[in-house]
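Values quoted throughout were computed directly from the atomic coordinates according to the rules given, and no laboratory measurement underlies them. In this text, all values refer to a predicted model and were calculated from it rather than measured experimentally. Every residue, glycine as well, gets a Cβ built from its backbone with ideal geometry; the counts of neighbours run over all protein chains shown.
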Ligand SMILES: [Zn+2]
């Protein structure tokens, strides 16, 4: 029930609301509301509720997340979200789009109009699919981090175009990486972090994919595989997982003023393997 001040004093009204709204209002003290009269003459009350975001716990355990191209996301715990399905879907849309765009610029007047309509419909469908996927992934990652009291570390993605567009790259490859999807996933992770009380830390992406996460020596990355060149370490494994682990390490450092020591290697423990350059003989 609400009480409203009318011209002739206060009057009480029963709210016609469902269980969902009742549940939301339960135990709350709304501070403001707006009375709205609809075109059909009915009245609505928009009630504003404020909710405090949960406190963000201080933690030294960090879940590193590498946002990539072949896999949309890979965590430092080795969990992966495959990008294969989305890449296929987007390649298909891209092909259809190219063909429609060609028709839209030639063809008769009505064909051109029809093509424009179809293009518009497709752009919405592709976008919704990607948005749904990003929501699902970011939700799962945030819940995982929350459940094990971890913070989340992400790379500063502002430079991802430059990084993934290192020449030479085909047109298809460039289209795949120059996408708002990376940006959106990061945004979703950031706001879900606030909502669920998970600390989201942004780290410098440089060398995260080139450094071995075990011994911090620069290694050799070839596609999906990473190989450590330090003979005393010799870690070989998934390149994305290695990157995610480095991101997690950096995420710990961000909160720790003396932490940069963690990201260096002791020279005594390094014996480099000669890779490309063969030994010179006198
Ligand atoms: Zn190593």
- Which whole-number percentage describes the relative contact order of region 2-48, with Cα contacts under 8 Å and a sequence gap of 6 or more? 22
- Mind pulling the per residue volume of the convex hull built on the Cα atoms of region 1-99? Å³ is fine. 249
- Mean Cβ-within-10 Å packing, highest first, puts peptides 137-150, 28-41 in the order 137-150, 28-41
- Message: Starting from 0.36 nm per residue, how many nanometres of slack lie between residue 8 and residue 140 once their C-alpha separation is accounted for?
- Response: 42.1 nm
- Relative contact order [Cα under 8 Å, 6+ residues apart], region 7-100, whole percent: 12
- Note on the structure: Length gained if residue 79 through residue 149 is fully extended, taking 0.36 nm per residue and subtracting the Cα-Cα distance, is 23.5 nm
- Where a ≥ b ≥ c are the square roots of the eigenvalues of the C-alpha gyration tensor, would you call region 2-48 rounded, which needs a/c under 1.5, or, failing that, prolate if a/b is larger than b/c, or oblate? oblate
- Efficiency of FRET from Cβ geometry, residue 194 and residue 34, R₀ 25 Å, rounded to 0.05: 0.50
